[in-house]
Structure formats: structure tokens, C-alpha cells
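The values are calculated or read from the model by the stated rules, or taken from the named source; none is laboratory data. Being a predicted model, the structure only gives us computed values, none of them experimental. Counting neighbours? That spans all protein chains shown, and the Cβs are built from the backbone with ideal geometry, glycine included. For the accessible areas, the whole protein counts, side chains as well, though only heavy atoms, and no ligand, DNA or RNA atoms are used. Shrake-Rupley method; radii C 1.70, N 1.55, O 1.52, S 1.80 Å.
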Amino acid sequence: MAADTSKPLFPAAPHTSLLPSHGNPNRVSPEASYWRNFRSSELVTASNYPVTHLTFSPAHAKPTLAAVSFAAVQLFTGDPLAPRPKISVTKDFVFSPSFRSDGALLAAGDIKGVVRVFRVDKPTSGPLRTLRAHSAETRVVRYPVAGGDKIHLITAGDDALLAYWDVPSETPVFTVPAAHRDYIRAGAPSPADHNLFVTGSYDHSVKLWDARTGKAPSLSFSHGAPVESALFLPSGGLLATAGGNMVKIWDVIGGGRLVHSVESHVKTVMALALGKMGTTGETRLLSAGSDGYVKSFDYGELKITHSMRYPKQLLSVACSPCGTVLVAGSSKGDIFVRRRKKATEEEDEKVVSGVFDWTSPKPEKQALKPSYYRYFSRGQNEKPKQGDFVIERPKKVKIAEHDKLLRKFRHKEALVSALAKNNPRSVVAVMEELVARRKLVRCIGNLDVDELGFLLEFLHRNATLPRYARLLLGVANKVLEMRAEDIRSDGKLRGYIRNLKRMVVEEIQIQHTLQGIQGMVSPMLALASR
Amino acid sequence: MITGGQSYVSAPPAFSADGRLLLVCSGRSVSVFSTSTGMLVSELEGHEGDVTAVVVVPPPASVAKLATYCWTAGLDGALIYWDFAAAELVRKVHVGLPVHSMVIPNITRTVKSTEVHTPLAFVSVEDTSKAADNKKALRGQVRIYDLTKGRQVGCLLAKTRKPEKIVASVSGEFLGIANKRQLYIWSVPTEGFKPEKIRKIKLSHTKNLTTLAFHPSERIVAGGDSTGRILVWRAFGKAKFSGTAGAADDDRDGVRGQDDADTCTTLHWHSSEVKFLKFASDGAYLFSGGMEGVIVVWHLDSGKRRYKPRLGSPLMFFVDSPDSSISCVSCTSNQVHLLKMPNMEVLKTISGIKLPIASPDLSRRDVCEFDCTNGLVAIPTEDYCIQFYSLFENTEVSEVQVCERNFQPVDDITMSISLVSLSIGGDFMCTVDVKLPEEELGGLITLKFWNHGSRAGQFHLSTIIYEPHSDAGISAVAFRPGKNMAVSSSFGGNFKVWVQSSSLQSSEGKSQSGWRCQSVGSYKKKPMTAAAFSGDGSVLAVAAESVITLWDPDNNALVGVIAEALSPITKLSFIGTSTYLMSLSQSSKPQVAVWNASNLSMQWSYTLSAEAACCSSSKSEFAVLSLLSCPGGTPAEQDGVILLFDAENSSPVSSFSVKKAKGGSIAFVKDDSSMDADTNATRGEEASLLVYVNGSHEYVIFDPRNNEVSQISKHTQKNIQADEPARIGYASIYGELPKLEPKKEVSDIPFIPSERPWETIFTGSSHVLPPLTKLCSAFLASLLEKRPVSNE
């Protein structure tokens, strides 16, 4: 293709070849625009006790949220989330609600160490089973997620006891007393195998357990800080642990090798959750910290892609399996909800499996029919594929106001518009161009009083800058010589002249000082060169 | 002898009938360029004076587009008929007077009751019998020539002060010239032509008219005047009787006096003289252009304008191809831009050598710099570029934009490139551009160093130095042979030695080379007027007005002073590798002097007003271009003489007389060894040729020691290429159709499964074929390669 060889438009700019090239200003990444597209609201919880745990039911078609607040487990369902009757458990704190993989049952521990199992559809009918083994508060209650295991439950508590339950018989399959040397506050079942799960404790250690071998941990490694939360990433091969202000990604299959460590929070990271992006279907690791931020981490690219600010300290975070609702619980009893704005109907009706896919599914393409408007505009936003021959749209040249005016030979207006922009570079450029056109003197003569004020102010500010001094001092002289009458008659302009005078006096002083220094230095240089 | 540097814009070019070739008048020949590649295809050489008009004969309808015949007219008074595809001269008609313009309208004539196509040339000639100095004499004449018989037909159509440009309408019905404040239009009967039937129409205006154009289909004529107005007369020449046309009815808008037109409207955008006018082939638009370097497209009905800006220099002519898909516009900077028509995108540019910048200031000197090794000349242009022009190939090599500023048509030059200097090998370039101050405000002198790029004539900006000698002007810049060192001397009384420092670390970590000042020297505060390095680079000679000072460039130490010349020295040069110095003084007391640097004395000198001088790089000879002070000639056309001297001897070795020496320059260039290796070998030394570039940038290259003229031949021929035939009609829009094979006869012989069943398997009409599911397996099986099983 033959390029147009006619000359480009050279804008009036001084010394362009010496300027550093500027990169593009950062634009909002698609990821950030996705997360910003969430509309935030708040769920009504009548308490101001900390919301320590939030969890979504993995199996329900409509997002079903279980939140603990003080002595009850609150269930919310639907889109938008609507409260359902509370499950009052005890008179005391309740922790860690956990849905069974089919979403029919809900288990929760309490401050005494008792774990109760409820029916989700009949929350008020009292517990179905009561599991008693722990002697202190049970902060970890987890149903296995993989393999459709419906009868087992993992619990661990501040008494450092780990129990693997056979729920129907209310008896533990095995218990590990002193599984850790401190409170067990984190635990997660593996999405790959229903026998595997991890626990994390305040003794900094993270342990991987296998229900088939029991008793002894299969793997143990140290996080380096009290572990607040642990979570398997969807493949089951990677494990994320949170403790201190760090989130660490471990390769479990590779024997507990540290893959990556993220130190993006300022304060302690309290909770981890997986979030699925509705647009691309990719999953992100969400971490909530007591600094009030939820950060989205792309574990494929190993970088933070977005961070969301909340007004209060966060203790828990959860994202609905379909990715439409993001909730975060604060230490003051608030539950912040962010809902995607454009939740389409199909997305709601789609039965979403609770298991996060490791590979991102291709977004489905719906066939366009000629009856749609979009049919006729299809393919317009298509991105070029690799190997496609791209014909660039001619770049639109942005022309500054003063350049436009210069092109129309409206010289005075060009000077005034540059002065109004208050960018010394462009003002000097316009002046240089006017000199080249032999029009500067006439322009100065034509300025009215206000514009003259602009010019004098500009001269006051910039005339002594060494870069522009040679031109601007001459201009200042010329202005005074030509417009003496106008300046005398206007009080405001006299003020500018006073400023100018002061500046000149200062400059002369500086020059005197410099000359003194030069006088001192030059004999020394002469001596040195001898 | 090689000549070159002709102007391509002395006369309007012409397209061939198929629009693939462009015929451009270049000096005494017509150059034929391909419009698709912009390359020279052939040259028509036969005129003895400058060619002033070229007309492609509209082909008879039967052989459309294949005819490649044209008529050319020249100042030698000949009209020549060419077959330009074969570059053959077919016929010659003598007019006898210098022809300045010619049109050949398509006219038929009744001969023995049949219409015969008759080529009639309407020529505008200069009557040389009348004295040139008589301002009132009517020197211009418009005549008609019958080209088949080669004789004049009828009488003179008009007499004008000077020969005017004739314009014809597309149909050939109207011809016109702009004569002072009037348009003379002749209505010519296209059928049954007789000289008596020609009718003359006059349209008047109050300003001098410069150009005119006819509407392709209607009776509309547009005229441009010297103040930038465009007048459009509609329905001219409708009156039955001349002189009686509606003197009474007053409703004729804008038509003056008794002019024969209905209305006259004025379009005004141009601020100075309109140089060309042209109607688009459909008649809806009018193109105009002039000094501003902008093509203005007028929509005739609405008066709306579109522009094609930034063509770089004032425009001269505008011609469009017969199918109006391409048009070309000639600029005064010796360029012809080929424009793709509806959107006016520049397809190709045919660039000749840039013309010297016209300047009213006589003290300004035109600066050319020669790259002796590559045979290039660097010429500063009006739009702040430096053009590199290959002398041997007569083509533009490249253009380097020195100042980033848009071209604006101005009366006086406020910004210019005042000096160009190239190092011996052509690796570095140094330019000085000057912005003149307005009432002592904002003047700026900038010194720029450029590094050579990958191709010849390509330079990258390396260093910019603002005001290198504070506000004093720079008189000379010279590079040191063999080292990255340069010296700039200024009128402010000092000279600076610049070196290239490669240790400058940029932020990206790669080393950048920049130029910095190494030392400053001065001699008695005298203005430094010239500077030169010796051939081996060990001595720096700087002229402090009329005194020559010799310096050691490394230590900046004064080595010696040579006694005074008569007046300030403007050029200083070491002669070859010898110890002789040549100096040129160009003021009221001109002098050419040769000094001996070893004993610091004058060798010999002449009082000679020299325009330029150059020294051979190897031998001890130099050439001086001196002006002959002839009483009659105007200063611009002054003749000169090139004198070749040997430094040892004060008598010239040889001399050559040249024309247009004012503003000319000379240089020795190295011969391309590839051209005549055998002559090099016999001479046993480096062949160096002398280039003379005259005041209008035409040049000649010759061997100063050899009298055989045609030793070296031009090798532009290697560029000539036969481009592929252009697609026409359907193929030009949709591309070639695939060749349709004639249907094979289905033979009646029984079907035999062959080794390659895919050739036969699908033949036959679809209702005869077995179902595809069956065919598919057979077809796929046939594609698989059968390989003998060999298990060992």
C-alpha cells in the first residue's frame, strides 16, 4: 500500500526531537472494569457481631448464602439475596457453616465445640445430628466436596483436635488429638479427592491429611505466620493459604513446594474465596483482609488484577458459584454485597455446578438471526487473530487549539489560547512560530488589556527560566516599550509590572552572585590547568 | 559527459491515453514515467531547444487506448510527432519561431463531402523579429498549423504582448488564452472546420487574469486572476451577433460591459495568484491551486471547498488522466505528485533536483554540498529539507527534514538552512539552520549533527546544539578526514572544535553518540570566515578575515599565521594532500590565492571574481568557477568559466566556458569504478570527474583532463523497466477471472478404475453419481498412499 507521501502537519512545538517519548496513559484493564461493574449494597443483619464466616451453597440454582452472626446462622437466598428464617443454634457464638456438596444439609460448629447438622430447606426444625467431640470452639467445619461424599464431615477446633466424622452415626471415624500445636483456624477439603483435606493452624503449619491413612499427616509445611484461611484451587493441585499479610500458593502434588507468595494486603488476610468471572469464566482467588480490601488474584498469571475497597475490616468473603454475587463480612456485623449489574436470565437459570473448572470455558456464542439488530453489526468489534492482515485505521491527529488557529493565520488568538492553557512550552512554541512568520510584534500590539495581563503574568513567571530567557526577556522588553501607555493607565497591569520588576531585581542579584563565584573559580581553574 | 537536473515543471505534463504513462517535459527532452511505479521508462530526445508543450493525440475510436502518439513543441520552433512507446521520432513540422504553448483539439474537416480527422495545432509563438526590449511590442502570436501538411492555416488569431498559454476545452470546441485583463475565447467548429468559421469571444475583468479552464460539458469558463479570485462565467458565447449581446438587460450578474455571458460569479479563497484551474471530468468540481501549496476543490453548485494541503511548495500545473482516476500536480520545487483521484492521496512523487531558493536578498548564497564518494549532491530546499540527489543516476535519493515546520508561502525568508556540510566518507552531516529575528526578537541559530543511516542519503539526527556561538552566525563547518571531529567557525570571532563522544550513556543503557565541544579558539577577536582541515587531518586552517591561521586540532594550539590576503577570505581549502592552501575572497576586491603552508607564504594569486572553487582530494589540482563580467547579460544569466589549475603553476591547465554561472557551484566527484573499469586501469589513478551545477541547478559531469566528450555514459537506463500490462475494465475492478476450461466430452468408453480415481470418480452429473457416502470412502482411500508391506 502506498503511503501518502505528502508532508505531515508539524505542530508548533519547540525541540520535539529532544523530548522523551511518552507511553500511553494506563487505561482500565478489562478485569478492573469487570469488577467495577458490580453494584454494591448491604444486607440487613440486625446484629453488630463480627461475621466470621460466609459460604455459598455449592448446589443451589439460586445463590444461597449462609452467614453467621452471633448465635444464629442466617440464610439468604435468591437474586437479590433475601433473608430466610434464622437457624438459631445455641445461645452462644456459632462458627463455620458448611453446606454439603448437594446443598441439602448445613453443618456449623459453636463456641463450645459442638457441631450441629441442619436441613437447609427446613432450617427451623432443629438439628438433625449433633456431633460432640471438641472441647473448645470449632472454627473448622467442612464437608468434603469431591466425589459426592455425603456422609463424612471434617471438623477441627481450638483444642487442636481434628475429627473425621461419620455423620449418620454421629461417631468420628478417627480423631487426631493435638493435630497441631495451636488453634486450628483453617481447613479445606480437596476438590480432587474426597479423602484429602488440609488444616492450617496458628502454629504456622499447614498439614495435609488423608482420611484413608488417618492419624499422621501426609504432608506438613510452614506458612510462616498464623494461618487464618486455607483453600484448594480448583485443580486440587494448588493450595492457597492466608496468614499474616501474605497469601501463599503451594504445589501440593509437588510435595508442598512454594509456588508464589503475594504480599498485597497491609494487614492480616482473614479469608480466602474463589470467584468466578461471569464474562470469561475464569476463576480468581479472592482474599479479604482486615485492612478492608478484597483483592482479586489471577493465579494463572500470578498477579493481582484488581482490588476492591470496603469501609470496614473484613473477616470473611465469598463469591456465589455463578459469579454474580460477591459478599464480604465485616467485623462489625455488616455484610457487603456486590452484585453484577447485567445478570442475564439464562445465567440465573443455568444449573451451576459447585466445582470450579480449572480450564476456562469458552463463552458460548449464540447464533445471530437477521431479525436482530446485532446481526447487522456483527463482527465489527472482532479482534484480529494471529496471522490476520491488519489494516490500521488512520490515526486521528490531535491538533491543539493554538495549532488550529495558527493554521488559520489567526495569530493573536493563537497566542492568547496558548497563554490561557498556561503551558510555557506551548506558549514559547507559538511565539517562536510567530517570529518565523514575522507576526509577534504585531500580535503584542494588538493584545487588549486583559490579554496583556495574561502575557505579563506569563512573563513574570517564566522570563528568567534559562531555557526561554533569551526569547522571553526580549519579548518583555518589547511589551514594555510598545504598551507603556496601556500599562500606565491600568492599575492591574501596573501590579504585574511591579512583579516583573521584582523578578528582574532578584535575577540581577543571582547574576551578581554567580559572577562572584565565577571570579573565585576561574583563578583556581587556571592554576589547575597549569 | 552527463547532463541532468532538468526542470520537470517547466510545462504541464500529459498522460497517455490509458493513463499508465506520464510524459513530462524535462529540458530538451520529454521523459516518460510510469504512473504505477513513478520510474523513468524512456526519454524522447530530438528537440534542440527546451520542450514547452506535449500533447497526447486522442486516439481514433477504433484503436482506443493502444495508440501511443504525441506531439511536442519546443523553443527551437519545431513540432515533433512521436511514438512514445517506442521512443521514435515520426514526423517533424517546422514553425520557425519559438513555440511556447500548443493545443491540438479534436477537429474534423469536410474534404470531398467526408468528415476527415484533421490534426490542427493551435500554437502560441514568440515573434522574435520584434525587439525584446520594446515593452509595447506584440511579441506573442497565436497561429494555426495543419499538422498533416505541415503549413500554416488561416491568419493570426491574436497578437499579445508575450506568448500566452493556450487552453482547450475537452471537446475541442473552445480555445482560450488569458491576455492581460481579458479572456480571449475562440469558438472553433469541430466539424467541417474552416478558419473563417472561428468566432472570438472576449470576457473582461478588472484584474490581470492568469489562467482559465473550460467546463467539460457546459458553456462555463473559469478564470483565475493575480489577486487570487476565481471568476466563473456561465453560458458564454450564446449571443447571435457579437457586440449586441444584451447591453440593455441588467439582470446579468457580475458580467461586465458587453461581454457575451449570462452570469459571472466569483470564488475567493486564494490569497495570491491562481496558478491553475481545472474542472473535474464530470463537471461538478473545480480544482484550483497556487502559491499556497494547497489544492482547493470547489463544489460548483454549493461553493463548498475541500482541500488537499501540505504539498510542500507552490503549485504550477494540474493535469488529470483521461479516465480521471489519477491526476498529477506540478510543484515549483520540481516535483510532480501523482494523486489518486477521488481522495487525492499522493501515490507517487516524481522529484527532480530542487531548484535554488528564490530570495530577494542578494547576499544570501545558495549552498550545495557534494558527497564525492557516492556522487550525491545535498541541496537545501524551501520546505526546510535537504534533498540528496544522485548525480550519476539523475534521480532523487532521499529527503531529510531538518526543521520541523510546515511550509508557508511567504514573501521573505525567515527560516533557512544556511550551511550543509558532509564528511569525506559521507558518514556525518552537519547542518546549520538560521531563524531570522523579528525586530531582534527570537532569532535562533541551530547546529545539527546527523549520523548516516543504512541507505545512501539517509541520516538520523544525532545532536542539536542551539546557538553554538551564542548569537553569532556560522561561516563554515568542516569535518576532519579520518576522525570524528568537526570545526565550526563563526563571525563572532571564535571557532569551536566538536568531537563525537560515544560514552554518553542514555537511560536505556545503550550507548548513544553525541557531539560535544572539545575546544574553542580565537585569533585577535577577528571574525572567523572560513575553516578547513588538511588532507591528512593534522592541520586546521581557519581564516580570520584576511589572515589565515593554522592550528593543531588536537591540542588547540596556534601553529602558524600566514600573511594577509586582500580582503576577507570566504572559502579556504587544502589542495589535495599537498601543503598548498587555496583561498577565495569574494568581496569588492576579489582574489584567488594559493598559499604554501610549509613556509607560510603566498605561492601565487589572481584578482578573479570567483563564484565557487573546489579542490581535488588526491592530486594537487583545483578548479575555480569565475564569473565573466559581460556588459549585456543580466546578473542571473551571467556566463562563467571554469579554470582548472595546478597548485605549482599559476597558468591554468584547462578552461571550460559555462552558462548561468551565478549561483553555480563545482566539485570533484569520484567516478563510479563499475562504469568504466578499463579506462581506470589505463590511467592508473583514481578518476575524478568535475561536476558543475549552474544557477538553476542543472548540472553537467565531465572529465576535465579528457577531451573525448562521451567517455562516460549515463546509466539511468538500468532503471528502465517494462511494467506489467495494466488491467483494464472488469479485471481492474474484480481481478482476473479464472480460466474456464471447455467442458470435457464424457466419452462413452466403459469405466476403468485408474490409479488416480479422484479424477474420474466425481465426473458426471449429480443425478448419475452414486451417493456421496459411498464416493467419499473411495475418494479418501485413493488419497492414501499405498506402500508395500515389508516386515523384516
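Residue count for the stretch B:296-329, restricted to those that are open to solvent by 10 Å² or more (accessible area, probe 1.4 Å), of a type outside the set (S, T, N, Q) and closer than 22 Å to residue B:21 by Cβ: 8.
Output yes when any residue across the stretch B:454-463 is among the hydroxyl-bearing types (Ser, Thr, Tyr) and part of a loop (DSSP other than H, G, I, E, B), and no when none is.
Filtering the stretch B:454-463 down to residues among the hydroxyl-bearing types (Ser, Thr, Tyr) leaves B:454, B:462-463.
Of the ones still in play, those that are also part of a loop (DSSP other than H, G, I, E, B) are B:454.
Yes; the residues of the stretch B:454-463 include at least one that is among the hydroxyl-bearing types (Ser, Thr, Tyr) and part of a loop (DSSP other than H, G, I, E, B).
Filtering the stretch B:310-350 to residues that are over 17 Å from residue B:276 (Cβ atoms), touching a strand residue (DSSP E or B) at 6+ places or on another chain (Cβ under 8 Å) and more than 9 Å from chain A (Cβ to nearest Cβ) leaves B:322, B:325, B:350. Scanning the stretch A:423-464 for residues that are within 10 Å of another protein chain (Cβ to nearest Cβ) and of a type in the set (A, V, I, L, M, F, W, C) gives A:428, A:431, A:434, A:435, A:436, A:440, A:441, A:444.
Out of A:483, A:467, A:502, which single residue is on the phi < 0 side of the Ramachandran plot, more than 14 Å from chain B (Cβ to nearest Cβ) and modelled with pLDDT under 90? Give the steps one after another, and end with the answer.
Working: A:467 fails: more than 14 Å from chain B (Cβ to nearest Cβ); A:502 fails: modelled with pLDDT under 90.
On inspection, the qualifying residue turns out to be A:483.
Does residue A:236 qualify as being under 24 Å from residue A:97 (Cα atoms), among the small types (Gly, Ala, Ser) and in a loop (DSSP other than H, G, I, E, B)? Yes. When you check residue A:21 against the structure, is it over 30 Å from residue B:307 (Cβ atoms), in a loop (DSSP other than H, G, I, E, B) and either modelled with pLDDT under 75 or of a type outside the set (A, V, I, L, M, F, W, C) (or both), yes or no? Criteria met by residue A:21. Scanning the stretch B:192-223 for residues being under 19 Å from residue B:157 (Cα atoms) and more than 33 Å from the chain's Cα centre (by Cα) gives a total of 13. Which of the residues spanning the stretch A:468-493 are in contact (Cβ under 8 Å) with a residue 24 or more places away in the chain and assigned to a helix (DSSP H, G or I)? Scanning the stretch A:468-493 gives A:468, A:471, A:472, A:475, A:476, A:478, A:479, A:482, A:486, A:487, A:492, A:493.
So that you can scan it fast, the table gives a plain yes or no per residue for (1) in the same structural domain as residue B:667 (by TED's automatic domain parsing); (2) among the aliphatic types (A, V, I, L, M); (3) at pLDDT 90 or above; (4) surrounded by 20 or more Cβ atoms within 10 Å (Cβ to Cβ):
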{"position": "B:540", "(1), (2), (3), (4)": "no, yes, yes, yes"}
{"position": "B:556", "(1), (2), (3), (4)": "no, no, no, no"}
{"position": "B:564", "(1), (2), (3), (4)": "no, no, no, no"}
{"position": "B:580", "(1), (2), (3), (4)": "no, no, no, yes"}
{"position": "B:596", "(1), (2), (3), (4)": "no, no, no, no"}
{"position": "B:599", "(1), (2), (3), (4)": "no, no, no, no"}
{"position": "B:603", "(1), (2), (3), (4)": "no, no, no, no"}
{"position": "B:619", "(1), (2), (3), (4)": "yes, no, no, no"}
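Flag: residue B:382 does not match the condition of being over 26 Å from residue B:270 (Cβ atoms), among the acidic types (Asp, Glu), within 14 Å of chain A (Cβ to nearest Cβ) and open to solvent by 10 Å² or more (accessible area, probe 1.4 Å). With respect to (1) outside any helix (DSSP H, G or I); (2) in contact with a Lys or Arg (Cβ under 6 Å, 6 or more places away or on another chain), the lone exception for residue A:443 is condition (1). With respect to the stated conditions, residue A:415 fails to be facing another protein chain (nearest Cβ under 10 Å), surrounded by 21 or more Cβ atoms within 10 Å (Cβ to Cβ) and touching a residue at least 24 places away in the same chain (Cβ under 8 Å).
The condition (being modelled with pLDDT under 85, open to solvent by less than 20 Å² (accessible area, probe 1.4 Å) and touching a Gly at 6+ places or on another chain (Cβ under 8 Å)) is satisfied by just one residue among B:441, B:550, B:504: B:441.
What strands (runs of 3 or more DSSP E) completely inside the stretch A:105-185 contain at least 3 residues that are open to solvent by 10 Å² or more (accessible area, probe 1.4 Å) and over 20 Å from residue A:87 (Cα atoms)?
On the way: elements: A:105-110, A:114-119, A:129-132, A:140-142, A:152-156, A:162-166, A:171-176.
Those strands (runs of 3 or more DSSP E) span A:171-176.
Close contacts from the stretch B:557-577, counting a first residue that is more than 18 Å from residue B:481 (Cα to Cα) and a second that is among the basic types (Lys, Arg) and open to solvent by less than 70 Å² (accessible area, probe 1.4 Å), with Cβ to Cβ under 6 Å and a gap of 6+ residues or different chains, come to none at all. Of the set (1) under 28 Å from residue B:497 (Cβ atoms); (2) under 19 Å from the mean Cα position of the chain (by Cα); (3) away from every other protein chain (no Cβ under 14 Å); (4) open to solvent by 10 Å² or more (accessible area, probe 1.4 Å), all apply to residue B:394 but (1). The residue pairs whose first member lies in the stretch B:17-34 and is farther than 16 Å from residue B:49 by Cβ and without any contact (Cβ under 8 Å) to a residue 60 or more places away in the chain, whose second member is part of a strand (DSSP E or B) and open to solvent by 10 Å² or more (accessible area, probe 1.4 Å), and whose beta carbons are closer than 6 Å, counting only pairs six or more residues apart or on different chains, are B:31/B:40; B:31/B:43; B:32/B:21; B:32/B:41; B:32/B:42. Does residue B:400 satisfy the condition of being at pLDDT below 85, buried (at least 17 other Cβ atoms within 10 Å of the Cβ) and either in contact with a Leu (Cβ under 8 Å, 6 or more places away or on another chain) or within 23 Å of residue B:9 (Cα to Cα) (or both)? In short, no.
You will find that of A:76, A:93, the residue that is modelled with pLDDT of 70 or more, among the hydrophobic types (A, V, I, L, M, F, W, C) and open to solvent by less than 30 Å² (accessible area, probe 1.4 Å) is A:76 and no other.
Examine the stretch A:168-185 for a residue that is closer than 21 Å to residue A:58 by Cβ, in contact (Cβ under 8 Å) with a residue 24 or more places away in the chain and among the hydrophobic types (A, V, I, L, M, F, W, C), and state whether such a residue exists. Within the stretch A:168-185 (the criterion being closer than 21 Å to residue A:58 by Cβ, in contact (Cβ under 8 Å) with a residue 24 or more places away in the chain and among the hydrophobic types (A, V, I, L, M, F, W, C)), the answer is no, since none of the residues qualifies. If the condition is being outside any loop (DSSP other than H, G, I, E, B), more than 7 Å from chain A (Cβ to nearest Cβ), of a type outside the set (Ser, Thr, Tyr) and farther than 27 Å from residue B:315 by Cα, then the stretch B:397-449 contributes B:422, B:428, B:429, B:430, B:432, B:444, B:445, B:447, B:448, B:449.
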